[in-house]
Amino acid sequence: MNASDGVKHHRIGEAARELGVKPSVLRFWEGEFPQLRPVRTDSGQRLYTSEHMELLRRIRALLYDEGLTIEGARKRLDEASDPLTADTVLGRRATPEQELLREVADELRSLLRIISGPGGSSPDQP
């Protein structure tokens, strides 16, 4: 369906068919993935843009092809919005500088987990 702004929009049934899932799955994913917010018409009908469709394809691949849980897919998508990890999450090769920054960030996260200790308490608490 073409909207008046010239952008291609897919209705939920059309999007579901293209992705090989049921419309109820797309509605469920909307509740689980904050990045997925389709345009709504005045009557409340969902319209998915090409960006939404790309995101839906990525969600489908993470859940169905890679076998991730909803939480795992959500984390992977969050990583994709992080410039340190976006390239590898999206399947692009990282530059040496990005790889070094990723390693430093991973090391800092590890240190933070050690400092926080079990249960997330701070190191000065017994």
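The values are calculated or read from the model by the stated rules, or taken from the named source; none is laboratory data. Not measured: the values here are computed from a predicted model. Here the Cβ is made from the backbone with ideal geometry for all residues, glycine too, and neighbour counts use every protein chain on show.
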Based on what the data block shows, is Gly72 farther than 26 Å from Phe33 by Cβ, modelled with pLDDT of 55 or more and exposed (fewer than 14 other Cβ atoms within 10 Å of the Cβ)? no
Go through Arg46, Arg58 for me and flag whichever is in contact with a strand residue (DSSP E or B) (Cβ under 7 Å, 6 or more places away or on another chain), closer than 16 Å to Val21 by Cα, surrounded by 11 or more Cβ atoms within 10 Å (Cβ to Cβ) and free of Cβ contacts under 8 Å to residues at least 40 places away in the same chain. Arg46
So, in the stretch 59-69, of the ones that are among the charged types (D, E, K, R) and at pLDDT below 95, which residue ends up farthest from Gly13 (Cα to Cα)? Glu66
